[in-house]
Amino acid sequence: MTVFLAAALLLAGAAARTIEAVSPQIICHSHITPGGQVEPEPYLEISPPAPWSFTRNFLVAPISGVGVLAGGVMGMESCSGPPLLVMFWPPPRTSGGGSVLGDVFVAWMPPGETQAGPLSINGYGTEGERLYIRYGPNISQARDDEEELGLHESRHVDQWAVANFLAGPLAFPAAYFVDDALFPGSRNHFERDAGLSRGGYPPAPDKGPAPKWPETAAIAVLGVIIFRRRLRWAVRVFRGGQGQRTAHTTGECPVHTRGWTP
């Protein structure tokens with residue numbers, strides 16, 4: 001039943017992402033005047049080459065649509081990144097960060113205490129500018145910062161696409177969780193690959209592990225549960241010799257044979 005529910009969710013996600021892809025989108029951070037006029041800022045040319053952009057978006061479409069559905073449930077609106085579709089709280093509410101699901105950035109995090117200025121508080125034009133609302137999550141305080149963040153998140157889309165192709169839609173979040181448990185924060189290999197400074201991360205103190213023990217223990221227990229049959233088989237081989245590699249009970253293969261002793 002769980003597998004069917006997951007498959008149904010991914011199918012719904014693929015449909016939702018397709019609908020968003022063909023629907024007109026306002027460019028993120030466009031100026032919305034008090035009269036409702038939309039004045040787009042110049043489009044950031046930071047998308048990857050078209051063949052790879054199409055390929056990766058196709059690969060991640062189901063999980064991307066889950067991001068669209070989740071944003072819709074939370075009452076979010078959408079805008080065109082680029083190179084991602086962005087789900088965000090309607091203005092003047094702003095965000096301090098978010099998470100990538102496929103090629104959709106869900107800006108769900110509230111502004112941090114370190115952010116300052118009118119833009120981070122209510123989404124309006126900065127000092128010296130006329131009044132307008134910047135349509136989008138307004139995480140970045142400057143256009144250059146927006147470009148850097150876009151490049152960082154775009155690299156995460158590459159990671160999602162490769163992981164999806166190799167091992168399915170849950171491969172990337174699983175790999176990210178395991179890596180972050182052992183190499184948290186700026187040590188995380190996926191964040192380092194995407195560019196720490198571009199993503200707003202401080203430099204890593206070193207490249208070594210710094211395990212978060214509760215998460216690491218949970219991963220170890222889960223690993224034992226998932227691979228318990230092979231672990232049981234390996235113990236029998238270790239204790240009983242190479243002959244145990246193919247020994248089995250009637251109707252069972254060596255790996256599924258019960259028992260820890262030869």
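Here is a check on your reading of the model: is Ser47 assigned to a loop (DSSP other than H, G, I, E, B), in contact (Cβ under 8 Å) with a residue 60 or more places away in the chain and within 18 Å of Leu149 (Cβ to Cβ)? Break it down stepwise before answering.
Details: assigned to a loop (DSSP other than H, G, I, E, B): yes; in contact (Cβ under 8 Å) with a residue 60 or more places away in the chain: yes; within 18 Å of Leu149 (Cβ to Cβ): yes.
So Ser47 passes the test.
Let's see how each residue does on (1) within 24 Å of Pro173 (Cβ to Cβ); (2) not in a loop (DSSP other than H, G, I, E, B):
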{"site": "Leu196", "(1), (2)": "yes, no"}
{"site": "Pro205", "(1), (2)": "no, no"}
{"site": "Ile219", "(1), (2)": "yes, yes"}
{"site": "Leu222", "(1), (2)": "yes, yes"}
{"site": "Val235", "(1), (2)": "no, yes"}
{"site": "Phe238", "(1), (2)": "no, yes"}
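Yes or no, residue by residue, for (1) modelled with pLDDT under 70; (2) closer than 28 Å to Thr55 by Cα; (3) open to solvent by less than 20 Å² (accessible area, probe 1.4 Å):
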site: Phe88; (1), (2), (3): no, yes, yes
site: Ser99; (1), (2), (3): no, yes, no
site: Glu113; (1), (2), (3): yes, no, no
site: Trp160; (1), (2), (3): no, yes, yes
site: Leu166; (1), (2), (3): no, yes, no
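Run down Gly98, Gly35, Gly65 and say which single residue is small (Gly, Ala, Ser), out of contact with any Lys or Arg (no Cβ under 6 Å at 6 or more places or on another chain) and outside any strand (DSSP E or B).
Working: Gly98 fails: outside any strand (DSSP E or B); Gly65 fails: out of contact with any Lys or Arg (no Cβ under 6 Å at 6 or more places or on another chain).
Exactly one of Gly98, Gly35, Gly65 is small (Gly, Ala, Ser), out of contact with any Lys or Arg (no Cβ under 6 Å at 6 or more places or on another chain) and outside any strand (DSSP E or B), namely Gly35.
Can you work out which of the residues in region 65-86 that are touching a helix residue (DSSP H, G or I) at 6+ places or on another chain (Cβ under 9 Å), among the small types (Gly, Ala, Ser) and closer than 28 Å to Glu39 by Cβ is surrounded by the fewest Cβ atoms within 10 Å (Cβ to Cβ)?
Gly72
Being hydroxyl-bearing (Ser, Thr, Tyr) and open to solvent by less than 40 Å² (accessible area, probe 1.4 Å) is the requirement here; does Thr249 meet it? Explain how you work it out, then say what you get.
On the way: hydroxyl-bearing (Ser, Thr, Tyr): yes; open to solvent by less than 40 Å² (accessible area, probe 1.4 Å): no.
Criteria not met by Thr249.
With the structure loaded, tell me whether Asp193 is within 19 Å of the chain's Cα centre (by Cα), exposed (fewer than 15 other Cβ atoms within 10 Å of the Cβ) and not hydrophobic (A, V, I, L, M, F, W, C) or whether it fails that test.
Working: within 19 Å of the chain's Cα centre (by Cα): yes; exposed (fewer than 15 other Cβ atoms within 10 Å of the Cβ): yes; not hydrophobic (A, V, I, L, M, F, W, C): yes.
When the stated conditions are applied, Asp193 passes them.
Note down all Cβ pairs under 6 Å where the first residue falls in region 19-35 and is closer than 20 Å to Gly67 by Cα, the second is open to solvent by less than 40 Å² (accessible area, probe 1.4 Å) and part of a helix (DSSP H, G or I), and they're at least six residues apart or on different chains.
Filtered contacts from region 19-35: Glu20/Val68.
The values are calculated or read from the model by the stated rules, or taken from the named source; none is laboratory data. All of these numbers come straight from a predicted model, not from anything done at the bench. Heads up, the Cβs are rebuilt from the backbone with ideal geometry, glycines too, and the neighbour counts pull from every protein chain shown. Ligands, DNA and RNA are excluded from the accessible area calculation, which covers all protein heavy atoms including side chains. Shrake-Rupley method; radii C 1.70, N 1.55, O 1.52, S 1.80 Å.
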